[in-house]
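The values are calculated or read from the model by the stated rules, or taken from the named source; none is laboratory data. Keep in mind the model is a prediction, meaning the values are calculated, not measured. FYI the Cβ positions are ideal-geometry reconstructions off the backbone, even for glycines, and counts take in every protein chain you see. Ligands, DNA and RNA are excluded from the accessible area calculation, which covers all protein heavy atoms including side chains. Shrake-Rupley method; radii C 1.70, N 1.55, O 1.52, S 1.80 Å.
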Amino acid sequence: MRLEGKKIILGITGSIAAYKAAMLLRLLVKEGAEVQVVITAAGKEFITPVTLSALSGKPVISGFFGANDGIWNSHVDLGLWADLMLVAPATASTLAKMANGIADNMLVTTYMSAKCPVFIAPAMDLDMFAHPSTLKNLDVLKSFGNVIIEPAVGELASGLTGKGRMEEPERILEIVVDYFSLKGSLKGKTFLVTAGPTFEKIDPVRFIGNYSSGKMGYAIAEQLAGQGANVVLVSGPVSISAVNSRIKVVKVESADEMFAESMAHFPNSDGAVMCAAVADFTPVMVENYKTKRGKSNWALELKPTRDIAQALGNIKTENQILAGFALETSDELENAVQKMVKKNLDFIVLNSLNDKGACFQVDTNKITIIGKDNNQQFFELKSKKEVAVDIVEKIKSLIL
Ligand code: C5P
C-alpha cells in the first residue's frame, strides 16, 4: 500500500468525467489513503454521494452545513488536515473560481484554506479547454504552485475528439504516488536560496534595481521543499510568493541585508543556491531627502557590494554544497567556469541573455550546468519549474 497514512481531499465537480472520480477514489483507498470527498452541487448531478461515501467510508461533504441543522463543515480544519488536495475532475468554472478566489462553495473555500499541495485534473470540451480564459486561469493556478494534470487528447462526451479528457484514474494515482515517494528524498535537509533583485537606495524614493523577477529562485525553493527539504529563501523585492509551508521567506531589500541574512543562515544549511541578481554597486551615500529636480547633471558615486556567493564559498565546509548562477552575454562558458572556481562553487548554472526565452522576467529558461569536474550538461529551453527540477537533481547527486 503506497499511500498508507496519507490524507487526501478529493474535490469533484460537475463534469461527465465525475464517474471516473469513483474509480480514482477506489484506487486511492486501495493504496491505503484516507480520502475525504468534497463535491460541488453540480458534481452531485453526475455521481451520487452514496456511491462516494460507500467507497471512501466517510460522509461526503458538499455544503457549508452538515445533514443535521447546526453542524458547520469547517473548510479550515479540512484544509489543514490534508496532505494533498486533488480536484478531479475540475471544470472550467471551478478552475475560474479557484484562480480568482470566488469562494462560493465548500470545494473552493477548502481549496483556499488548504496548506498542502494541490493537484488539479481538468476535464471539459476541447473548445472550452482551448479558450483563452481557461488557459489564463490554468497559468494563474500554476503560478500559485498548483500542479495541473494535463487532460488527454481523445474522444469527448460531446462526440468531438480533442484535448479535454480527464487523465485516466490509474495515471492520476501514479502521479499522486510519485509525489509522495519523491517528497521525502530531501527530508531533514536544509537549504538556503537567494532570489530576486536587490534595491540599492539612492534617496527615500529612488533606488538602483534590476529586472530579476525571482521566478527561478522561487521555483528552486519550491522544488527543494516539495522533496521534503526545509528552505530559507532570502528574497529581494518581488511580486511572487512562496507556496510550500516548508519555505521560510526572509525578505530583504539591499545587497547588504541579503549578505547578512545569507551569512546568518548558511552555517545551518546543507547547501545554498545563489540565484539572486545582487547589485554589484551601491551608492556611497543615501540622501535623507528626495533629491529635487533642478540640478543640471547628477553624478552618483557608487561603491562595490560584497559578493555573497564568494563569502559563502570562503566559509563552506566539506559537507556543504554551494551553487551559483552566471548570467552571461559573451564568452559564456569561459566566464562561468572562472566564476565557479573563484567563488569556490560546486557547480554553476549558466544562462545567457543571448538565448531567447531565457533569464529575466520570463517563465522559461535555458541553462547549462557546469560541475567542478568541468562536466557540462546542456538543457533545452524549459519552464523555470522544470529547470528547477534539473538543478535539484544535480544537488541531489552531490549531496545524497
Ligand atoms: O560575479 P557574478 O555577479 O556574475 O556572479 C553571479 C553569482 O554570484 C550568482 O550566483 C549571484 O547570486 C552571486 N552573487 C552574490 N553576491 C553578489 C553578486 C553575485 O551572491 N554581490
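Based on a Kirkwood Rh over C-alpha pairs, give the Stokes-Einstein translational diffusion coefficient of segment 1-58 at 37 °C and viscosity 0.692 mPa s in µm²/s.
Working: Rh = 11.2 Å.
Once the numbers are plugged in, D ends up at 293 µm²/s.
Could you tell me what fraction of 2.2 N^0.38 Å the Cα radius of gyration of the chain comes to, as a two-decimal ratio? Please report the intermediate quantities before stating the final value.
Numbers: Rg = 24.2 Å, N = 400, 2.2 N^0.38 = 21.4 Å.
With N residues counted in the chain, Rg over 2.2 N^0.38 Å equals 1.13.
How do MET263, MET274 stack up against each other in accessible area, from largest to smallest, with a 1.4 angstrom probe?
MET263, MET274
From the square roots a ≥ b ≥ c of the eigenvalues of the alpha-carbon gyration tensor of segment 341-398, which class results: rounded (a/c under 1.5), prolate (a/b over b/c), or oblate? Walk me through the numbers before you get to the answer.
Numbers: a/c = 2.17, a/b = 1.52, b/c = 1.42.
The shape class here is prolate.
Once you've got the GNM for the chain with C-alpha springs shorter than 10 Å, pick whichever of THR305, THR190, THR51 has the biggest mean-square fluctuation.
Of THR305, THR190, THR51, the most mobile in the Gaussian network model is THR51.
Between SER254, SER181, SER212, which gets the highest mean-square fluctuation from a Gaussian network model of the chain, Cα cutoff 10 Å?
Among SER254, SER181, SER212, the largest mean-square fluctuation in the Gaussian network model of the chain belongs to SER181.
Once you list every other residue whose beta carbon is under 12 Å from the beta carbon of LYS339, what net charge do they have if Lys and Arg are +1 and Asp and Glu are -1? Intermediate results must be reported in sequence, preceding the final value.
On the way: positive: LYS342, LYS343; negative: ASP307, GLU328, ASP331, GLU332, GLU334.
That sum, taken over residues with Cβ under 12 Å, equals -3.
Over the chain, what is the percentage of antiparallel beta bridges among all DSSP beta bridges, to the nearest 5? Let's see the in-between values first.
Numbers: 21 of 65 bridges.
Of all bridge pairs located within the chain, approximately 30 percent are antiparallel.
So, taking all protein chains as they sit and a 1.4 Å probe, how much accessible area belongs to ARG171, in Å² rounded to tens?
Counting only protein heavy atoms, ARG171 exposes about 110 Å² to solvent.
Might you report the magnitude of the Cβ-based charge dipole of segment 7-183 about its Cα centre, with Lys and Arg at +1 and Asp and Glu at -1, to the nearest 20 debye?
Values: 14 positive and 17 negative charges, 33 e Å.
In total the dipole reaches around 160 debye.
Projecting each Cα onto the charge dipole of the chain (Lys/Arg +1, Asp/Glu -1 at the beta carbon, about the Cα centre), which of GLN361, SER56, PRO267 comes out farthest on the positive side?
PRO267
Test of understanding: in a Gaussian network model of the chain with alpha carbons linked when under 10 Å, which of ILE120, ILE61, ILE202 would top the mean-square fluctuation ranking?
ILE202
So, in nm, how far is label ASP331 from label GLU150 when the simple model puts each one 7 Å beyond its Cα toward the Cβ?
4.1
How large is the helix-only mean residue ellipticity at 222 nm for the chain, computed as the sum of -39500 (n - 2.57) over DSSP H runs with n ≥ 4, divided by its residue count, in deg cm²/dmol to the nearest 500? Write down the numbers at each step before the final one.
Numbers: 14 runs with 141 residues, N = 400.
Using -39500 (n - 2.57) per qualifying helix, the result is -10500 deg cm²/dmol.
May I ask you to rank LEU84, LEU300 by accessible area, largest first, using a 1.4 Å probe over the protein chains only? Present the calculation step by step, with values, prior to reporting the outcome.
Values: LEU84 0, LEU300 75 Å².
Final ranking, largest accessible area leading: LEU300, LEU84.
Just subtract the alpha-carbon distance of ALA264 and GLU170 from 0.36 nm times their residue separation and send over the number in nm, one decimal.
Numbers: separation 94, 0.36 × 94 = 33.84 nm, distance 4.62 nm.
So the extension gain works out to 29.2 nm.
For the chain, calculate the relative contact order in percent as a whole number, restricting contacts to Cα pairs under 8 Å that are 6 or more residues apart. Working shown, then result.
Numbers: 856 pairs, mean separation 41.8, N = 400.
Normalised by residue count, the contact order of the chain is 10 percent.
Below 8 Å between Cα atoms, with a sequence gap of 6+, how large is the relative contact order for segment 7-183 in percent?
Numbers: 353 pairs, mean separation 39.1, N = 177.
Value for segment 7-183: 22 percent.
Could you list which residues have their amide H under 5 Å from that of ASN210, counting only those 5 or more apart in sequence or on another chain, with H placed in the peptide plane?
THR198
Rounded to whole Å, give me the distance from the Cα center of segment 74-89 to that of segment 194-225.
32
Place a +1 charge on the Cβ of each Lys and Arg in the chain and a -1 charge on the Cβ of each Asp and Glu, then give the dipole magnitude about the Cα centre in debye, rounded to the nearest 20.
Working: 42 positive and 43 negative charges, 118 e Å.
It comes to approximately 560 debye.
Rounded if a/c is under 1.5, else prolate if a/b beats b/c, else oblate: with a ≥ b ≥ c from the C-alpha gyration tensor eigenvalues square-rooted, which is segment 7-183? Kindly include the intermediate steps, with their values, before the conclusion.
Details: a/c = 1.35, a/b = 1.30, b/c = 1.04.
It is rounded, given that a/c, with a ≥ b ≥ c, falls under 1.5.
Distance from the Cα centre of segment 321-400 to that of segment 1-45, in angstrom?
About 40 Å separates the Cα centre of segment 321-400 from the one of segment 1-45.
Top to bottom by accessible area (1.4 Å), largest first, where do TYR289, TYR218, TYR179 land? Don't skip to the answer; put the middle values down first.
Working: TYR289 180, TYR218 15, TYR179 35 Å².
Output order, biggest surface exposure first: TYR289, TYR179, TYR218.
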